[in-house]
Amino acid sequence: MYDPKSLKAEEFISDEEIQDTLAYAEANKENMELIDQILEKAAEMKGITHREAAVLLECPSEEVKARIFDLAKKIKLRFYGNRIVMFAPLYLSNYCVNGCVYCPYHGKNKHIARKKLTQEEIRREVIALQDMGHKRLAIESGEDPQMNPIEYILESIQTIYSIHHKNGDIRRVNVNIAATTVENYRKLKEAGIGTYILFQETYHKETYEQLHPTGPKHNYAYHTEAMDRAMEGGIDDVGLGVLYGLNLYRYDFVGQIMHAEHLEAVHGVGPHTISVPRICPADDIDVNDFSNAVPNDLFEKIVALIRIAVPYTGMIISTRESKKMRERLLELGVSQISGGSRTSVGGYVEEEPEEENSAQFDVSDRRTLDEVVNWLMELGYVPSFCTACYREGRTGDRFMSLCKSGQIVNCCHPNALMTLKEYLMDYASEQTRKTGEALIAKEIETVPNEKVRAIAKQNLKDIEAGKRDFRF
């Protein structure tokens, strides 16, 4: 039975409902009267249902796809403007007891160099990230109760927040670790995390169990219900994701939107972020082993439809994707990207020798953070290092109400410009700084509230004079 308010995985992600939805989409993929109605509803920018989104995904019309892309761009602009949030992943440990067949961290892989950062090594990694200009990290760790217990994660978070190097601070630590208990989620909340991120990988239970044959992650229900436990533990910003290419994309696309609907129905707060990674090569992993690879044109449509279906969510694309693909997806809905990323344990302090590879996946976009920041500005975006909402308590339903009403622009835009100014003063190359100063001068005039605009202008002058960390 399908019940979005149920706390049971197989009821809020009902296989029967997904199959019925896919059949409905196939039957109506050329029903232009229905498709027009769905697009008219979508234009209200309040979201559409998983079933409506599935119909649009299945529709073969190029004209409809163009309308979808146009609407996705408008929704992205309405909710997130031209701001792009910057972050970096920090891999703490690749010890893992799971047997995930698509991940090089799987327990039976003897090729990969196993590493776990000490607190001093974390300190050096964080200083390297601060010296790039990063303010927001997503920490990553394999699942190993002995090597990577919750106490290690908590100590690492404390270490990261404690490091103040020159003008550098990590102001928000997001956490991507395995599904855990309500008690452990409470501990993470008390440690001051930003968003708790967990990728579902695939919502198809049978495929999920085949892809995770051994280890704690094999338990589909425990994994799928993790966000509800996180919410119960007080974490109100959670991030969803599937790994496109593991399973049939239609199924996971519908499941992902159903999961967002479930969180809204039960907790009144949908996902703070949705990530859209695609499977890519890595040590001991050959993408040719997975026959469900999603081609670029279809991937673009998926991203645009997630933006339309869940208009308020932050959308994340990683350095798995190329510069060209990231540029395209920024247009269609993505609002957060990583820059200067390393996917190996200890990779920021020094590059690993080829024979000591500990990376989780190959990086396609290998540019430095400064190169990414300059590229974004040349495209007309405002790179944002802002963490103000988290630090001001604008999380969960408080963030969502501001975002959905459009009022967030009076906070986010000046905050983005002020944090960009910090980056330009402390870390940027001469060319990037020149480009950024011109962009700030132009963008500050677009802040709608006159009083906020005046305060932001004064703060920008104070940043120039050496002061730091202003926020609305």
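The values are calculated or read from the model by the stated rules, or taken from the named source; none is laboratory data. What you are looking at is a predicted structure, and each value in this text was computed from that prediction instead of being measured. Positions of Cβ are backbone-derived with ideal geometry, glycine not excepted, and every protein chain shown enters the neighbour counts.
Here Y203 fits the description: within 26 Å of Y249 (Cβ to Cβ) and not in a helix (DSSP H, G or I). Among the residues of region 379-423, the one identified as modelled with pLDDT of 85 or more, assigned to a helix (DSSP H, G or I), surrounded by fewer than 24 Cβ atoms within 10 Å (Cβ to Cβ) and among the aliphatic types (A, V, I, L, M) is A388.
Does region 124-138 contain at least one residue that is out of contact with any Asp or Glu (no Cβ under 7 Å at 6 or more places or on another chain), free of Cβ contacts under 8 Å to residues at least 40 places away in the same chain and in the same structural domain as S335 (by TED's automatic domain parsing)? There is no residue in region 124-138 that is out of contact with any Asp or Glu (no Cβ under 7 Å at 6 or more places or on another chain), free of Cβ contacts under 8 Å to residues at least 40 places away in the same chain and in the same structural domain as S335 (by TED's automatic domain parsing).
Only residues that are at pLDDT 80 or above, over 17 Å from the mean Cα position of the chain (by Cα) and not charged (D, E, K, R) were counted in region 322-361, giving 6.
The condition of being under 30 Å from G270 (Cα atoms) and touching a Leu at 6+ places or on another chain (Cβ under 7 Å) holds for I408. Only one of these is under 24 Å from L211 (Cβ atoms), surrounded by 17 or more Cβ atoms within 10 Å (Cβ to Cβ) and not acidic (D, E): N82, N148. Name it. The conditions single out N148. For Y80, indicate whether it is in contact (Cβ under 8 Å) with a residue 60 or more places away in the chain and within 30 Å of T432 (Cα to Cα). Here the answer is yes, as Y80 does meet what is asked. When region 285-306 is limited to residues that are in a loop (DSSP other than H, G, I, E, B) and surrounded by fewer than 15 Cβ atoms within 10 Å (Cβ to Cβ), the one that is modelled with the lowest pLDDT turns out to be D286.
Taking first residues from region 374-390 that are more than 20 Å from M132 (Cβ to Cβ) and partners that are among the hydrophobic types (A, V, I, L, M, F, W, C) and part of a loop (DSSP other than H, G, I, E, B), the Cβ contacts under 7 Å between residues at least 6 apart in sequence or on separate chains come to A388/F472.
Considering (1) of a type outside the set (G, A, S); (2) outside any loop (DSSP other than H, G, I, E, B); (3) surrounded by 22 or more Cβ atoms within 10 Å (Cβ to Cβ), the lone condition that Y105 does not fulfil carries the number (2).
The conditions of being in contact (Cβ under 8 Å) with a residue 60 or more places away in the chain and more than 18 Å from L263 (Cβ to Cβ) are not met by A9.
Inside region 123-149, can you point out the residues that are β-branched (V, I, T) and over 22 Å from the mean Cα position of the chain (by Cα)? Once the filter is applied, which keeps residues that are β-branched (V, I, T) and over 22 Å from the mean Cα position of the chain (by Cα), region 123-149 yields only I127. Selection of region 438-454 for residues being touching a helix residue (DSSP H, G or I) at 6+ places or on another chain (Cβ under 8 Å) and exposed (fewer than 15 other Cβ atoms within 10 Å of the Cβ) yields E445, T446, P448. Give the residue that is surrounded by the most Cβ atoms within 10 Å (Cβ to Cβ), with candidates limited to residues of region 206-231 that are small (G, A, S) and assigned to a helix (DSSP H, G or I). Looking at residues that are small (G, A, S) and assigned to a helix (DSSP H, G or I), I get A230.
The set of residues from region 108-125 being assigned to a helix (DSSP H, G or I) and touching a helix residue (DSSP H, G or I) at 6+ places or on another chain (Cβ under 7 Å) comprises Q119, I122, R123.
In the set A178, A138, A128, only one residue is small (G, A, S), assigned to a helix (DSSP H, G or I) and closer than 17 Å to P89 by Cα; that residue is A128.
Scanning region 455-472 for residues that are surrounded by fewer than 12 Cβ atoms within 10 Å (Cβ to Cβ) and in a helix (DSSP H, G or I) yields Q458, K461.
Within the option set L154, L211, being in contact (Cβ under 8 Å) with a residue 60 or more places away in the chain, of a type in the set (A, V, I, L, M) and farther than 22 Å from G314 by Cβ holds for one residue only, L211. Please verify whether region 456-465 includes one or more residues that are of a type outside the set (G, A, S) and in contact with a Leu (Cβ under 6 Å, 6 or more places away or on another chain). No, region 456-465 contains no residue that is of a type outside the set (G, A, S) and in contact with a Leu (Cβ under 6 Å, 6 or more places away or on another chain). Against the criterion of being closer than 22 Å to G268 by Cα, at pLDDT below 95 and either among the aromatic types (F, W, Y) or under 21 Å from the mean Cα position of the chain (by Cα) (or both), D236 qualifies. Filtered by the rule that a residue be closer than 16 Å to S141 by Cβ, aromatic (F, W, Y) and without any contact (Cβ under 8 Å) to a residue 60 or more places away in the chain, region 183-208 gives Y185, Y196.
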